[in-house]
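Structure first, then comments.
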């Protein structure tokens, strides 16, 4: 449905501004496209609950406040996970989802591995350029607090994953799970398995594509979206 509204969702430590080029491409093709910053990201204030269920509620509220229906969602990394949980909470208004680089294999071990990368003090000391990017991206929020809260979110997800088989099997939306062949975060075998548990799931491996959204070819991504959402 070409005129269905599209919602683009960023990943952990990201912001909606990262999707400005993709939004422009989709709008040129006649798709009404929306951007959303999760709480604590892109300068939006922190909510009292910083979690995937809270982010999913933010998606649902965003859709309801704008009286949107038949929404198509593209969710990158954490945004894809939140989108699928939002579809569980609000199935009547979300019809299609595409995820990219979304990690589904959460357990205490994988969470611990990921959170080792999320030490704000070490980031400031060892990769000051990235620290400056985070500071500018999330101002006036404290980027170090965002990093800490994101680590806590991942640990919580590792202890209690949300997208378990019962939930996945209940999702009736058309869902395309995309993963780059050079992605160093998500497991391709697990991602493919998730697509097979979904009633209307599909899996696509993207060539020459890493995890970082800044390094993903936007024209290629645009065509993946357009081709699947014909």
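Every read-out reported here was derived from the displayed coordinates using simple, explicitly stated rules and does not represent laboratory data. These figures come from a predicted structure and were not determined experimentally. Ideal geometry is used to build each Cβ from the backbone, glycine not excepted, and the neighbour counts take in all protein chains shown.
Results, tabulated for the structure shown:
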quantity	calculated
Shape category assigned to segment 178-230 from the gyration tensor of Cα positions, a/c cut at 1.5	oblate
Whole-number percent relative contact order across segment 1-54, with pairs defined as alpha carbons under 8 Å at least 6 apart	37 percent
Shape call, the chain: gyration tensor on alpha carbons, a/c limit 1.5	rounded
Kirkwood hydrodynamic radius of segment 9-135, Cα pairs, Å	15.8 Å
Relative compactness, segment 61-119, computed as alpha-carbon Rg over 2.2 N^0.38 Å	1.36
Segment 149-230, relative contact order in percent, only Cα pairs under 8 angstrom and at least six apart counted	28 percent
Rg to Rh quotient for segment 129-219, alpha carbon positions, Kirkwood Rh	1.05
Estimated 222 nm signal from helices in the chain, with DSSP H stretches of n ≥ 4 weighted -39500 (n - 2.57), rounded to 500	-13500 deg cm²/dmol
Per-peptide average of other Cβ atoms within 10 Å, ordering 115-127, 97-109, 145-157 highest first	97-109, 145-157, 115-127
Net lengthening on full extension, residue 202/residue 112 (0.36 nm per residue, minus Cα-Cα)	29.5 nm
Relative contact order (%) - criterion: Cα under 8 Å, at least six apart; region: the chain	21 percent
